[in-house]
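Asks: Structure incoming, see below.
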Amino acid sequence: MSFQWPIRVYIEDTDLGGIVYYVNYLKFMERARTELLRHFGYSQQYLAENDVLFVVTHVEGRYLKPAKLDDELLVSVAVERASGVRVTFLQKITRASDSVLLCQAKVDVACVSASHLKPQRWPANMLQQLTSSSVQQLTLEEK
């Protein structure tokens, strides 16, 4: 089962027509990845204290249906693959009321030293937790 994080669409997330502005889907995905780490005990404070910073190096996304003002969304996160420095996350955003898939993406995230901005290995315990079966088993739609 993938990790899921609920998000409500607020007015600041939308354009003039009340539709979620495309870049905000990426923000929703970022929040879900942050909450996944928090779920395992890795707060932003912990990361800062341990010289750990994450940078998105590649995003491949598809926008399928619009989300609208006041929609409740579920943002799913799973790990597709993990190496020492890079983790590839699969993410989906669905509307909670009817489970319609709105957006999906593959996101590559690298770990770097916060003080030197040089690549470093993901913390071993964190990588082990992320690659556990509890954050796997999510596939992206083909079409």
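Asks: By the scheme Lys and Arg +1, Asp and Glu -1, what is the net charge of all other residues having a beta-carbon under 9 Å from that of Q104?
Replies: After counting each charged neighbour, the total is +2.
Asks: Restricting to lysine pairs 8 or more places apart or on different chains, what number in the chain have Cα atoms under 13 Å apart?
Replies: 4
Asks: Tell me which residues come under 5 Å, amide H to amide H, from A114 once H is placed; ignore anything under 5 positions away on its chain.
Replies: Sorted by chain and number, the residues that satisfy this are V52, L53.
Asks: Ordered by residue, what ³J(HN,Hα) values in Hz, to whole numbers, does the range 109-119 give under the Karplus form 6.51 cos²θ - 1.76 cosθ + 1.60, where θ = phi - 60° and Gly and Pro are x?
Replies: Computed from phi, the couplings for the range 109-119 are 10, 9, 9, 9, 6, 5, 7, 10, 6, 10, x Hz.
Asks: Kindly provide the helix-only [θ] at 222 nm of the chain, computed as the sum of -39,500 (n - 2.57) over DSSP H runs of four or more divided by all residues, to the nearest 500 deg cm²/dmol?
Replies: That calculation yields -6500 deg cm²/dmol at 222 nm.
Asks: What order do you get for L130, L53 when you list them from fewest to most C-beta neighbours inside 10 Å? Walk me through the numbers before you get to the answer.
Replies: Working: L130 24, L53 16.
Fewest to most other Cβ atoms nearby, the residues stand as L53, L130.
Asks: The list (1) 41, 21, 12; (2) 22, 18, 15; (3) 27, 16, 14 gives values of semi-axes √(5λ) of the Cα gyration tensor in Å, and only one came from this structure; which label was calculated from it?
Replies: Evaluating semi-axes √(5λ) of the Cα gyration tensor in Å on these atoms matches (3).
Asks: Neighbouring Cβ atoms within 10 Å as the yardstick, rank T139, T94 fewest first.
Replies: Ascending number of Cβ neighbours within 10 Å: T139, T94.
Asks: What list of ³J(HN,Hα) couplings, whole Hz, do you get for the range 51-62 from phi and the Karplus terms 6.51, -1.76, 1.60, once you set θ to phi - 60° and write x for glycine and proline?
Replies: Values, residue by residue: 6, 10, 9, 10, 10, 7, 9, 6, 10, 10, x, 9 Hz.
Asks: Of Y25, Y42, Y63, how do they rank once you tally other Cβ atoms within 10 Å and put the fewest first?
Replies: Lowest count first: Y63, Y42, Y25.
Asks: Can you list residues from other chains, or at least 5 along the same chain, whose modelled amide H is less than 5 Å from the amide H of A96?
Replies: E72, L73, L74
Asks: Sticking with this one: Please work out the C-alpha center-to-center distance from the range 1-72 to the range 84-102 and express it in whole Å.
Replies: 10 Å
Asks: Further, regarding this structure: Residue-wise, which Karplus ³J(HN,Hα) couplings in Hz belong to the range 34-44, taking 6.51 cos²θ - 1.76 cosθ + 1.60, θ = phi - 60°, and x for glycine or proline?
Replies: The phi angles translate into 4, 5, 4, 5, 4, 4, 8, x, 10, 6, 4 Hz.
Asks: OK, next. How much length is gained on full extension from K27 to R81, taking 0.36 nm per residue of separation minus their Cα-Cα distance?
Replies: Residue separation times 0.36 nm, minus the Cα-Cα distance, leaves 17.3 nm.
Rule-based calculations on the coordinates, nothing more; no lab input. Not measured: the values here are computed from a predicted model. Because the Cβ atoms are built from the backbone with ideal geometry, glycine has one as well, and the counts that use them run over all protein chains shown.
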